[in-house]
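Enquirer: Can you keep this structure in mind? I'll have questions shortly.
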Amino acid sequence: MAIGYIILQARTAQDAIPLSGVKIRILDQFGNHIYELITDESGETEKVPLETLSKDFSQNPYYSELPYISYYVTAQKTGFESLSVSDIPIYEGETAILPLTLLPMENTQRTPTLTEIYVGKPAVAMSAASRSQEGPSRSPYVLRQVAIPNPITVHLGSPSSSAANVSVSFPDYVKNVASSEIYPTWPDAALRANIYAIITFALNRIYTEWYRSRGYAFDITNNTAYDQYFVKGRPIYESISRIVDEIFNEYVRRKGQNNPYFTSFCNGTTATCQGLSQWGTVTLANQGKTPLQILRSYYPNDIEIAETNIITGVLSSYPGTALKSGSKGLDVQTIQTYLNRIRRNYPAIPTITDEAGSFGSSTAAAVKKFQSIFNLTPDGIVGKGTWYKISSIYTAVTKLAELNGEGDTLGIGTVPPGSVLRQGSRGQDVITLQYLLNVISEYYPGIPALTQDGIFGSGTAQAVMAFQQMMRLSADGIVGPQTWQKLYDVYLGIGQNVPLPKPEPGTLQYTVQPGDTLWAIARRYGTTVNAIKNLNGLTSDRIDIGQILNIPASQSSDYIEYTVKPGDTLWAIARKYNTTVTAIQNLNHLTGSLINIGQILRIPT
């Protein structure tokens, strides 16, 4: 019997927060328990072997049965909804990496509900008669530049259906589609040719604004009659993942043109088309053809592979040269700053002790551990894939910190506003609504993020309707008492159940307020500007409103002083400083929860 492998990863908030202690069971197709596992501090299990069929079957286009054995996974953690994933394909010699996105329970919820995901066979094994992917005939492009959308929004059904949308990072989308379309056991050149076609097909939809220009709130569908296959919550395979990390920003175009070529494809056996034959790529790869030669066998001979470095949603572009031991400069310092911040959420990453901007042994060790956690080749070299993954995770963890601080500043409290909001509404309650939706969107991928401008426009209405649909409320886009209460139940459930990272020992956390400077903060807490900069990996004196700073705790006192601001509540202040309402009341001799603007409170450190 052949052997394949599986790793399970439980994370939330776009991978910003790992979930440790998740109880996982792996069962075979007959319901027999094979493994019982627990996730570690990085939200990951060990890699375990599973019996399957020989990979020869998955490389033979004439084999009519499924060339793998399927398994079933359940995941449970206190405070989170339960999850089951069934019909998971395991292939010989391949490692399946299964993401387990657990949703926080609502604050009033007593027992978890079960979310079920069915993976099933890849598109190449389906018996559809044809694929009717439609591409541009005239007006070949709309946008001026080819950009990687990060995230990309996928509609989980045919374009006009009422199915949900889900937003994922572009590399994760490509990995999912490739794992859903073809077999990961195929030769490297065949995998690359198919992945180039998948990337380019999606970028063509983005570049031509194929769905957005028609008024849809998504970029692409997962319906194979229109686009390419995407299965929310499915495993991806290591062989596919490593290729995508290397080429996710490369695409097919014709010489002399900028727009992504319309790379239609079908399996080439039960379905035929004018584009690429998925099974045909295996034959050509076995003949020694390169990925580009394979693509030119199906598309015009003048196609070429191009690259775009325009990637939305990332803080800085890849410098173009890999960083490794001995490298020096600002790019190295940037990666060190990012990794030191990510380490607060992923403590398995070791501390970087090298001089800022100098890529020494401790930087290499931190890079290797990061790569291991996020399924990258653990070579300690910051190439393109590692650079953008570090940037992506840093963006996610800092955004969460900013949202948490912003919630305290807004004084969200525990009681919803009494207003009824609809498209056209304006004001503070709309800002509160947009903030709540933004926090929830970090944990519920089907909710789009918003600009908090206090204006209830069409984007806010779409987000409200997506939330209402997900929570099984009437999806009318109007925020009345029932929707307000559900928003607060979900938001407070996140606060109660999600294990947000604690400040490092000997530190406290501070949310930057309007008018703050590092000098003023350092003076307030009896420390120095350099101490704050070193603790937070800051390379300049610039700080932003809402930014979360680690502050060295004073050794001469067991409390700090805090000035009450408009909108503050004891609950919000206690959450901001990782203490309790009772502790603040006791330290300040308060008999109730009433506090006044300008009041000085002692906060336990």
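Enquirer: Tell me, yes or no, whether region 29-37 has at least one residue that is at pLDDT 95 or above, surrounded by 22 or more Cβ atoms within 10 Å (Cβ to Cβ) and touching a Ser or Thr at 6+ places or on another chain (Cβ under 7 Å).
Expert: No; the residues of region 29-37 include none that is at pLDDT 95 or above, surrounded by 22 or more Cβ atoms within 10 Å (Cβ to Cβ) and touching a Ser or Thr at 6+ places or on another chain (Cβ under 7 Å).
Enquirer: Consider only pairs whose beta carbons are under 8 Å apart and that are at least six residues apart or on different chains; among these, list those whose first residue lies in region 268-295 and is not assigned by TED's automatic domain parsing to the domain that holds Q228 and whose second residue is surrounded by fewer than 19 Cβ atoms within 10 Å (Cβ to Cβ) and among the hydroxyl-bearing types (S, T, Y).
Expert: Here the result reads none, with nothing in region 268-295 linked to a residue that is surrounded by fewer than 19 Cβ atoms within 10 Å (Cβ to Cβ) and among the hydroxyl-bearing types (S, T, Y).
Yes or no, residue by residue, for (1) β-branched (V, I, T); (2) surrounded by 16 or more Cβ atoms within 10 Å (Cβ to Cβ):
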position	(1), (2)
K255	no, no
N259	no, yes
N267	no, yes
S277	no, yes
Y299	no, yes
I310	yes, no
K324	no, yes
G329	no, no
V332	yes, yes
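Enquirer: Do we have any residue at all in region 315-329 that's of a type outside the set (G, A, S) and touching a Pro at 6+ places or on another chain (Cβ under 8 Å)?
Expert: No: zero hits.
Enquirer: So is N578 surrounded by 15 or more Cβ atoms within 10 Å (Cβ to Cβ), at pLDDT below 80 and under 22 Å from K399 (Cβ atoms) or not?
Expert: It is false that N578 is surrounded by 15 or more Cβ atoms within 10 Å (Cβ to Cβ), at pLDDT below 80 and under 22 Å from K399 (Cβ atoms).
Enquirer: Going by what's in this entry, would T451 be described as within 23 Å of S169 (Cβ to Cβ), of a type in the set (S, T, N, Q) and touching a Leu at 6+ places or on another chain (Cβ under 7 Å)?
Expert: no
Enquirer: Could you figure out which of (1) within 21 Å of N309 (Cα to Cα); (2) outside any helix (DSSP H, G or I) isn't true of G380?
Expert: It fails just one condition, (1).
Enquirer: Next up: Suppose we filter region 331-345 for residues that are touching a residue at least 40 places away in the same chain (Cβ under 8 Å) and more than 18 Å from D245 (Cβ to Cβ); how many remain?
Expert: Here the count works out to 7.
Enquirer: Just checking, which of Q428, Q423 is at pLDDT below 95, farther than 16 Å from Q333 by Cα and assigned by TED's automatic domain parsing to the domain that holds W484?
Expert: Criteria check complete, one pass: Q428.
Enquirer: In region 575-587, which residue that is within 29 Å of the chain's Cα centre (by Cα) and in a helix (DSSP H, G or I) is farthest from I551 (Cα to Cα)?
Expert: R575
Enquirer: Yes or no: region 237-254 includes at least one residue that is part of a loop (DSSP other than H, G, I, E, B), on the phi > 0 side of the Ramachandran plot and not charged (D, E, K, R).
Expert: The answer is no, given that none of the residues of region 237-254 is part of a loop (DSSP other than H, G, I, E, B), on the phi > 0 side of the Ramachandran plot and not charged (D, E, K, R).
Enquirer: If you don't mind, there's one more thing I want to ask. Can you tell me which residue is surrounded by the most Cβ atoms within 10 Å (Cβ to Cβ) among those in region 1-28 that are on the phi < 0 side of the Ramachandran plot and among the polar types (S, T, N, Q)?
Expert: T12
Enquirer: Kindly check whether there is at least one residue in region 380-387 that is assigned by TED's automatic domain parsing to the domain that holds T451, polar (S, T, N, Q) and surrounded by 17 or more Cβ atoms within 10 Å (Cβ to Cβ).
Expert: no
The values are calculated or read from the model by the stated rules, or taken from the named source; none is laboratory data. Quick caveat, the model's predicted, so the values are computed rather than measured. Don't worry about glycine lacking a Cβ; one is built from the backbone with ideal geometry, like all the others, and counts go over all protein chains shown.
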